[in-house]
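Worksheet: the structure to be examined is printed underneath.
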Amino acid sequence: MAVDDSDNPKNDAQGRIVPAHVAVIMDGNGRWAKSRALPRHAGHRAGVKSVRQIVELAAKRGVSCLTLFAFSSENWRRPAEEVSRLMGLFLEALQREVNDLHRNNVRVEFIGSRDQLQADLLKKILAAEEKTKDNDGLRLMVAVAYGGRWDIVNAAKSLATKALDGKISVDDLDDELFATELALHELPDPDLLIRTGGEQRISNFLLWNLAYAELWFSECLWPDFGEKQFDEALAFFASRQRRYGFTGDQVA
Ligand code: IPE
Ligand code: IPE
Ligand code: MG
């Protein structure tokens, strides 16, 4: 989707503009656990509670799409025990939450490479996507085994195949056509990126789609992230002037 497609921006009760699409890098679970002398997986478990709360809040505040970074393509490099705990936690959370999500009219989908996912998790993912596919409330995108470079390479491969098959010509290729092959192809670009945990980097998240996102970094560790922090991020967003290359006077 083109960068200036700001899907009918909504306003909140105070008349402030609400981001249509919020993307979140949920970082800091390990440090949260470490500071309590707990194993890292206890931090991931605590992080699931924040996920639940943020999904509810996003819908309440009028956000249309929420994309959560749960596991990156680089996170496979972590110790096998942590990876296995994380996959187990995804499975458990999905099992537990899918009915509630469905009841709340949430449409849940997963983005990322499915090649390395275990069969039982993949089965639950497909079932959750199928069950919620006709819901027209919040669109919840969960990025698991996702990498921004993987996404772009995937799109390039698909376009190259189409060109070789004569379905498109190389001259047709522009950013709009390219974006149709990306994992988030049906959604507007994220308006706001939130990263918790104090790092100020993208860590191979939505490299293409974040082109014009407003970036909000918080020292708060993900398990401590809640309503106060989410509303701070929304207030920050509402205070930004988005220019997309124009001058301030042009967009005022
Ligand atoms: C984010 O928390 C969750 C995942 C990457 C799966 P971390 O596990 O990266 O937590 P820190 O950064 O080590 O504190
Ligand atoms: C980014 O966090 C990935 C997720 C939150 C899922 P990381 O903890 O993996 O990022 P780096 O390694 O510190 O950049
Ligand atoms: Mg981290």
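The values are calculated or read from the model by the stated rules, or taken from the named source; none is laboratory data. Just so we're clear, the structure is a prediction, and the values are computed from it rather than from any experiment. Heads up, the Cβs are rebuilt from the backbone with ideal geometry, glycines too, and the neighbour counts pull from every protein chain shown. Note: areas computed on protein heavy atoms with side chains; ligands, DNA, RNA excluded. Shrake-Rupley method; radii C 1.70, N 1.55, O 1.52, S 1.80 Å.
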Point to revise | Checking Leu91 against (1) over 23 Å from Ala20 (Cβ atoms); (2) in a loop (DSSP other than H, G, I, E, B); (3) open to solvent by less than 80 Å² (accessible area, probe 1.4 Å), the condition it does not meet | key: (2)
Check your understanding: So which residues in the stretch 36-64 are away from ligand 2 (no atom under 12 Å from the Cβ), farther than 30 Å from Ile152 by Cα, open to solvent by 40 Å² or more (accessible area, probe 1.4 Å) and touching a residue at least 24 places away in the same chain (Cβ under 8 Å), if there are any at all?
Key -> His41, Arg45, Lys49, Gln53, Glu56, Arg61
Study note, to complete from the structure: Going through (1) outside any loop (DSSP other than H, G, I, E, B); (2) within 20 Å of Arg16 (Cβ to Cβ) one by one, Pro190 fails only at (1)
Practice item. Tell me which residues, restricted to the stretch 114-147, are open to solvent by less than 50 Å² (accessible area, probe 1.4 Å), touching a helix residue (DSSP H, G or I) at 6+ places or on another chain (Cβ under 9 Å) and of a type outside the set (Val, Ile, Thr). Key: Leu117, Leu121, Ala128, Asn135, Gly137, Leu138, Leu140, Ala145, Tyr146, Gly147
Study note, to complete from the structure: Restricted to the stretch 13-35 and to residues being more than 16 Å from ligand 3 (Cβ to nearest atom) and not hydrophobic (A, V, I, L, M, F, W, C), the residue most open to solvent (accessible area, probe 1.4 Å) is Gln14
Check your understanding: What are the residues in the stretch 134-148 that are of a type outside the set (A, V, I, L, M) and not in a strand (DSSP E or B), if any?
Key -> Asp134, Asn135, Asp136, Gly137, Gly147, Gly148
Practice item. With the condition kept exactly as written, say whether any residue in the stretch 65-74 is surrounded by fewer than 18 Cβ atoms within 10 Å (Cβ to Cβ) and either acidic (Asp, Glu) or at pLDDT 95 or above (or both). Key: yes
